[in-house]
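Contents: one structure, followed by commentary.
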Amino acid sequence: IQGSAADIIKKAMIDLHHALHARGLDGCMILQVHDELVLEVPEDEIDTVTPLVVEVMQNAYALKAPLRADARIGKNWYEMTPYKR
């Protein structure tokens, strides 16, 4: 299971990199921890990048069981709150 999860997150990272680049967005991945991606995103891109990240992660690989993702935002890990548009 862990090996498959690692493959899925790597595919999501590649897909997300392409999606951000294709849209000309400045948000960028800075860290991957287990099943989590940490991005640095300009404040004016948060409402564009955050839903894109969730969509890319949920669609990284077609499985019978759905992949679920959520997002939290904040200036640091201590200040993280669930993303609500």
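Among the residues in the range 23-32, are any in contact with a Phe, Trp or Tyr (Cβ under 9 Å, 6 or more places away or on another chain) and within 23 Å of Ile8 (Cβ to Cβ)? No, the range 23-32 has no match at all. Remark: pairs (first residue in the range 39-67, in contact (Cβ under 8 Å) with a residue 12 or more places away in the chain; second residue crowded, with 18+ Cβ neighbours inside 10 Å and in a helix (DSSP H, G or I); Cβ separation under 6 Å; 6+ apart in sequence or on different chains) = Val41/Val49; Val56/Ala12; Val56/Leu16; Met57/Ala12; Ala60/Ala12.
Taking the range 49-82 as the range and being over 9 Å from the mean Cα position of the chain (by Cα), hydrophobic (A, V, I, L, M, F, W, C), assigned to a loop (DSSP other than H, G, I, E, B) and under 18 Å from Leu20 (Cα atoms) as the test, only Ala60 passes.
Might you check whether a residue that is loosely packed, with under 12 Cβ neighbours inside 10 Å and in contact (Cβ under 8 Å) with a residue 12 or more places away in the chain occurs anywhere in the range 13-24? Checked the range 13-24: no residue is loosely packed, with under 12 Cβ neighbours inside 10 Å and in contact (Cβ under 8 Å) with a residue 12 or more places away in the chain.
Coordinate-derived values only; no laboratory data. Given the structure is predicted, the values throughout are model-derived calculations rather than measurements. Positions of Cβ are backbone-derived with ideal geometry, glycine not excepted, and every protein chain shown enters the neighbour counts.
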